[in-house]
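Have a look at the structure below, then the notes.
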Amino acid sequence: MGDCSLSIVCLLSAGQIEKSHYKKAFRHMTEKNYNNSKQEGARHWTGADIDPRFANMKVILSVEQAMAEVELSPDEVKDDEIVKAKLFEFVRSLINVELCKDIEMTHEQKMNHVQKWWNQNCIPLAQDEELKQEIIKAILKASLPLFNSPLSYCRALAEEQIKEKYGNTLDLKSKNLKLLCITLYKLQTITGPKPFYASASKLESALGQYSAKHWWDRLNRLEFDGYIKKIKNGKLKGKQASEFIYLGHPCWEADEAAKAELKKLTASVSLKNRVLKSIKRYRGDRGEMGLITGSNLNLKEVFKKCH
């Protein structure tokens, strides 16, 4: 990296740039807890031991592990945009190390780790002033650690629970429905008292084995049986997933704010509101329907306008 690391360290140590934004308040686990987790051996340490909101955080316990987590291929090192993206990802992985070990690295330490990562990946890009600023920006602006896919993480928890509770006693159809049900329950747990996202493609990617249609049909079954409720339809054009909530989850009883949020969400999809939204949609897409009144409504004409 040449002289760039020295100049950047000088900038950082001179106090010309503010401290990183992630808060120490999130680092709740003490050194004692960390040592105990290592002694237990059989138990896998997870981000949930730090904070429930970190449940699907990747466990990265060393800088060496962080370097292995974010590697570049021979083709990727030649693309400056990919290098910048991977640089930011590597600095995020250092936050995982900090959280897991309950430490906080200095900017100088992070700069040294970036230099080692840069050299290990044999990145040939010239160290110009723009790139120096990108490194500084990455160190200062990275505020979140690396996470595993929420759905994949919750699926793993669901599989473990099914294995412990049911063993091999379930038929395939029942097992798939329970797998989806428990996965969504776990997803609501790490999401907290707000809607979570789910789409056919996301379910297919996370749960595997069967088609997107298969899992979407199971999702509809869970909604029909009253386990979940759709709050908002997704959009194919913007590749936006639909929003759901898991009814009866303890998070909705956590405090008054959670109870109020559940009431607001369920009210937004009440029968009356669903009908009004449909009328508004048809007016916008199919021309003015007019106010529906009277007992001699011509249903054929209505359906002509709606389809």
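What is the set of long-range amide H partners of VAL269 at a cut-off below 5 Å, with H atoms built 1.01 Å from backbone N?
Close amide H contacts, sequence-distant or interchain: none at all.
Treat each spin label as a single point 7 Å out from the Cα along the C-beta direction, and report the TYR197 to THR106 distance in nm.
Modelled inter-label distance: 4.0 nm.
With each label point set 7 Å from Cα along the Cα-Cβ vector, what nm distance links LYS175 and VAL269?
Taking the simple label geometry, LYS175 and VAL269 are separated by 2.9 nm.
Any idea how far apart ILE231 and LYS141 come out in nm if each label point goes 7 Å out from Cα toward Cβ?
Each label point lies 7 Å from its Cα, and together they span 2.9 nm.
So, by mean Cβ neighbours within 10 angstrom, what's the order for 61-73, 265-277, 91-103 with the highest one leading?
The densest-packed peptide leads the list: 91-103, 61-73, 265-277.
In whole Hz, what ³J(HN,Hα) sequence does the stretch 113-126 give by Karplus (6.51, -1.76, 1.60; θ = phi - 60°), x for Gly and Pro?
Per-residue couplings from phi come out as 5, 4, 4, 5, 5, 4, 5, 4, 8, 6, 6, x, 5, 5 Hz.
List the pairs from LYS84/LYS229; LYS194/LYS277; LYS101/LYS264; LYS163/LYS232 whose alpha-carbon separation is above 30 Å, in the order I gave them.
Those over the limit are LYS84/LYS229; LYS101/LYS264; LYS163/LYS232.
Sort 247-255, 131-139 by the packing proxy (mean of other Cβ within 10 Å over each peptide's residues), most packed first. Display every interim value, and only then the final one.
Details: 247-255: 15.1, 131-139: 18.0.
Ranking the peptides 247-255, 131-139 by packing returns 131-139, 247-255.
Alpha carbon centre of the stretch 77-93 versus the stretch 197-269: separation in Å?
So the two Cα centres are separated by 34 Å.
Readers should treat all values here as calculations from the given coordinates under stated rules, not as data from a laboratory. What you see is a predicted model; the values in this text were computed from it and never measured. Please note: Cβ atoms are built from the backbone with ideal geometry, for glycine as well, and neighbour counts cover all protein chains shown.
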